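Beneath this line is the structure, given in structure tokens, with notes to follow.
The values are calculated or read from the model by the stated rules, or taken from the named source; none is laboratory data. Quantities reported herein were computed from a predicted structural model and do not represent experimental measurements. Reconstructed Cβ throughout: ideal geometry from the backbone, glycine too, with neighbour counts over all protein chains shown. Ligands, DNA and RNA are stripped out before the accessible areas are found, and what is left, the full protein with its side chains, is counted by its heavy atoms. Shrake-Rupley method; radii C 1.70, N 1.55, O 1.52, S 1.80 Å.
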Amino acid sequence: MNEITSTYIQGIVLDEEDYCSFSDLCRVCGTSAEQIEEMIAEGIISPEGPNQAEWRFTLVSIHRVQTVARLHRDLRINMPGCALVLELLDELTTLRALKPGN
């Protein structure tokens, strides 16, 4: 007899206008504060707000941090390399949007 298994996934649906704090970004993406600060220094993400205690990050930042974390972990790419990869991915997305028939 076949065994039936169930998998439950829990998450939060975010709106494009939602923001998260610095600590939330670290927690959601599973990265350290130092890694986030390095990404900010490399221009990978840009916080909104005057100081770290008031920084807010967009959903795009969450996606970029998660992408960089995978690139760094899986391919051992350093932060400057990750910044270049993201820039090239952004260009590819733009070019695909311009392609006739899309």
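Answer yes or no: is there a residue in segment 87-102 that is open to solvent by less than 90 Å² (accessible area, probe 1.4 Å), outside any helix (DSSP H, G or I) and without any contact (Cβ under 8 Å) to a residue 60 or more places away in the chain. Yes, the conditions are met somewhere in segment 87-102. For Arg56, work out the one condition from (1) open to solvent by 100 Å² or more (accessible area, probe 1.4 Å); (2) within 20 Å of Asp18 (Cβ to Cβ); (3) more than 15 Å from the chain's Cα centre (by Cα) it doesn't fulfil. So the condition that Arg56 fails would be (3). Here are some conditions: (1) touching a residue at least 24 places away in the same chain (Cβ under 8 Å); (2) part of a helix (DSSP H, G or I). Asp18 meets all but one. Which one does it not meet? Among (1) touching a residue at least 24 places away in the same chain (Cβ under 8 Å); (2) part of a helix (DSSP H, G or I), the lone unmet condition for Asp18 is (2).
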